[in-house]
Amino acid sequence: MRFTAQSGDHKVEMDTHAPIGSDTALTPKQLLVAGICGCAGMDVVALLKKYKQPLESFQVEADATLAEGVYPAVYKEIKLVFKLKGQLDESKVLESVTLSQTKYCSVSAMVSKAVPISYTVELNGKSIGAGRTEFK
């Protein structure tokens, strides 16, 4: 049950949980969520660089909940937490995350058509905002 996706020179391994697979790599559903986090994260970092904000560290965490009793198993909601550290302007941080989740992140835009995505933003351990991923 181990597969390799390849695009050009880049490869990503996939597997599934035992007893069907060997649990040696992310599952395809986990890769989907990782894609959202990576896309959104790249947006936020690029915007903060544009705004000349001194980012010290950054994480995007995701909690994706599966719908119960549904086959095939699909996500019913995805919650993102953007965690940033540094001497950052709070308004620029919120603007960067909001723009990612309403204008720029193409992966969030596609997935949010099928699954509600919400997010919270933490700066230096303090919650500074929240929202829903909504593209027009």
> What's the lysine pair count for the chain at a Cα cut-off below 12 Å, pairs eight or more apart or interchain?
Replying inline: 8
>> Here are a few candidate values for Cα Rg over 2.2 N^0.38 Å: (i) 1.28; (ii) 1.15; (iii) 1.00. Which one was actually calculated from the structure I just gave you?
In response: (ii)
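How big is Rg to Rh over region 46-86, alpha-carbon atoms, Rh as the Kirkwood inverse-mean-distance radius?
Radius of gyration over Kirkwood radius for region 46-86 works out to 1.27.
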> If one takes the longest principal axis of the Cα atoms in the chain, at what angle in degrees, from 0 to 90 and to the nearest 10, does the Cα axis of helix 28-50 lie?
Replying inline: 20
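Using a 1.4 Å probe on the protein heavy atoms, what percent of the accessible area of the chain belongs to carbon and sulfur?
54
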>> Restricting to bridges with both residues inside the chain, how much of the DSSP beta-bridge set is antiparallel, in percent to the nearest 5?
In response: 75
> Going by accessible area, probe 1.4 Å, with all protein chains left in place, what is the ranking of 10, 17, largest first?
Replying inline: 10, 17
> Taking the Cα atoms of region 54-121 alone, what are Rg (to one decimal) and Dmax (as a whole number) in Å?
Replying inline: 14.2, 46
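The values are calculated or read from the model by the stated rules, or taken from the named source; none is laboratory data. These figures come from a predicted structure and were not determined experimentally. Heads up: the accessible areas ignore ligands, DNA and RNA and are worked out on the full protein's heavy atoms, side chains in. Shrake-Rupley method; radii C 1.70, N 1.55, O 1.52, S 1.80 Å.
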